[in-house]
1. So for segment 132-143 (the condition being closer than 21 Å to S250 by Cα and either of a type in the set (A, V, I, L, M, F, W, C) or touching a Cys at 6+ places or on another chain (Cβ under 8 Å) (or both)), does at least one residue qualify?
2. May I ask you to list the residues in segment 180-221 that are farther than 16 Å from E262 by Cβ, more than 28 Å from the chain's Cα centre (by Cα) and of a type in the set (D, E, K, R)?
3. Take V234 and decide whether it is more than 20 Å from the chain's Cα centre (by Cα) and either away from the ligand (no atom under 15 Å from the Cβ) or among the aromatic types (F, W, Y) (or both).
4. Consider Q93 carefully, then state whether it is over 17 Å from the mean Cα position of the chain (by Cα) and surrounded by fewer than 21 Cβ atoms within 10 Å (Cβ to Cβ).
5. Of all residues in segment 320-346, count the ones that are surrounded by fewer than 18 Cβ atoms within 10 Å (Cβ to Cβ) and in contact (Cβ under 8 Å) with a residue 60 or more places away in the chain.
6. Say whether the condition of being in a helix (DSSP H, G or I) and more than 23 Å from F162 (Cα to Cα) is met by at least one residue in segment 85-92.
7. Just checking, how many residues over segment 253-262 are open to solvent by 30 Å² or more (accessible area, probe 1.4 Å) and either part of a strand (DSSP E or B) or modelled with pLDDT under 95 (or both)?
8. Can you pull out the strands (runs of 3 or more DSSP E) entirely within segment 147-251 that have at least 1 residues that are free of Cβ contacts under 8 Å to residues at least 24 places away in the same chain and open to solvent by 30 Å² or more (accessible area, probe 1.4 Å)?
Amino acid sequence: MTAPALKPAGAAAPRPIEPDAPLFDPKAFRLTDEQAAIMTRARHLGQTVFAGRAAAYDRDARFPVENYKDLHQAGLLGIAIPKDLGGLGANYQTYALTAAEIGRYCGATALTWNMHVCSTLWSGPLADDLEMDATTRAEHARRRAIHYKRIVDDGAIYSQPFSEGGAAAAGGVAFGTEAKPVKGGWLVNGKKIFASLSGHADYYGVLCTEIAEGEKASRRNTLYLAVPAKSEGVSVVGDWDPLGMRGTVSRTLIFKDVFVPEDDALMPRGVYFKAASSWPHMFLTLSPTYIGLAQAAYDFTVRYLRGEMPGTPPVKRRMYPTKQIAVAQMHVKLEQTKAIWFQAVTEACANPTKAQVLRAYAAQFSAMEGANEIATLAIRTCGGQAMLKSLPLERIYRDSRCGSLMLPWTAELCLDRIGREALYEPGESDE
Ligand SMILES: Cc1cc2nc3c(=O)[nH]c(=O)nc-3n(C[C@H](O)[C@H](O)[C@H](O)COP(=O)(O)OP(=O)(O)OC[C@H]3O[C@@H](n4cnc5c(N)ncnc54)[C@H](O)[C@@H]3O)c2cc1C
């Protein structure tokens, strides 16, 4: 572990509280000491600092700027950056487990941190698994080192806008945002909706289609470009007043003839398409936040029923059999959700088997729907006083409702794919 010692950057002082147990006990889940240390670092930051700030970000639909300063200080902006380039060198599983720890304390921070980390995870460990000729790999290594240096040294924040409001984000057609090749780079034009971190990221990691004059758009020509937020032609429009995940500030981005230099490509030509088809778990990275929220709803319920929830009178409600049954149901649901999710993030790899892909869809569905089911039960079980805005449960409930909506693996699309792929082999039809 080479990252600097933890020291909160913002005004909120650490609160003296009993440390939460890990979401996944390192011994029971056979994690290494290094993984456990990274997870502990995130959990400590989340519990002592992020938890205290979460209500204000939610209330004001304000981006967690202060949390990002802390994430930088703790080395966590560079979690998936190789150690020799100044990062923590985490693999996919370590990242997922760490993100889940943050999700327990501030959903919006965990979800936006996911968009940021994916720019390094996809261009890093994931791209290392994909075929590239030696020249392309060398060029990619040179370029990604530029991005990684900005993150490690300057705390640069990257986002990941790919949704456009059409079929592209679900993987159906080519992205409508276009990159026209010009001398030294591309001219980007298009619009991205629900762009988390808009107005706050330093670079927008835009998925777009490279298309020369007169060419037809093809998904094979998808480019992944880091568009500098301050570039001429970039604007953030629209307001942001949603049900949950309010701190993500997911407004609309407009790109009008934005020049993006070649070195700002996050992946070489053709590599995003390869990644999307041969490394499908890349789309499971939105789920850790919701595993954290599921745990948070359960932990809240246990503390509340035991009369140990800070900010509430020490009234015990645990002696009623109905409460005990509800907690048992929540516990079973939580363990089931965590078990399939742990397996899926542990086996993530290039060219997974059909069974592994179906399990990844099932894990995503279980995390996204399961978090909200557990939060719903938590509210019913704890009762009216527990859903006041002075307590975190109602925010956890609202944030957890958003998981199923995240493309490309929405809850509906996961069911759609599991059903079809379980019943049909590739190329099969009933004609
Ligand atoms: C809090 C929050 C943060 C977000 N942050 C980001 C971000 O940072 N970057 C980003 O790119 N996006 C982000 N999104 C957007 C998200 O991934 C979806 O793109 C968005 O919610 C889709 O909304 P829509 O109304 O356009 O959905 P639609 O495209 O209208 O789809 C509605 C539903 O129909 C279903 N559906 C869609 N396509 C198909 C299909 N081909 N076949 C069958 N069913 C289908 C899906 O279940 C989908 O949920 C965010 C969303 C939320 C709620």
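The values are calculated or read from the model by the stated rules, or taken from the named source; none is laboratory data. On a predicted model such as this, the values are computed, not experimentally measured, just so you know. Note: ideal-geometry Cβ built from the backbone for every residue, glycine included; neighbour counts use all protein chains shown. For accessibility, only protein heavy atoms count, side chains too; no ligands or nucleic acids. Shrake-Rupley method; radii C 1.70, N 1.55, O 1.52, S 1.80 Å.
1. So far as segment 132-143 goes, no, none of its residues is closer than 21 Å to S250 by Cα and either of a type in the set (A, V, I, L, M, F, W, C) or touching a Cys at 6+ places or on another chain (Cβ under 8 Å) (or both).
2. Answer for segment 180-221, where residues must be farther than 16 Å from E262 by Cβ, more than 28 Å from the chain's Cα centre (by Cα) and of a type in the set (D, E, K, R): E213, E215, K216.
3. Considered against the rule, which asks whether it is more than 20 Å from the chain's Cα centre (by Cα) and either away from the ligand (no atom under 15 Å from the Cβ) or among the aromatic types (F, W, Y) (or both), V234 comes out as yes.
4. Against the criterion (over 17 Å from the mean Cα position of the chain (by Cα) and surrounded by fewer than 21 Cβ atoms within 10 Å (Cβ to Cβ)), Q93 does not qualify.
5. 1
6. Scanning segment 85-92 turns up at least one residue that is in a helix (DSSP H, G or I) and more than 23 Å from F162 (Cα to Cα).
7. Number satisfying all stated conditions: 5.
8. Hits in segment 147-251: 234-237.
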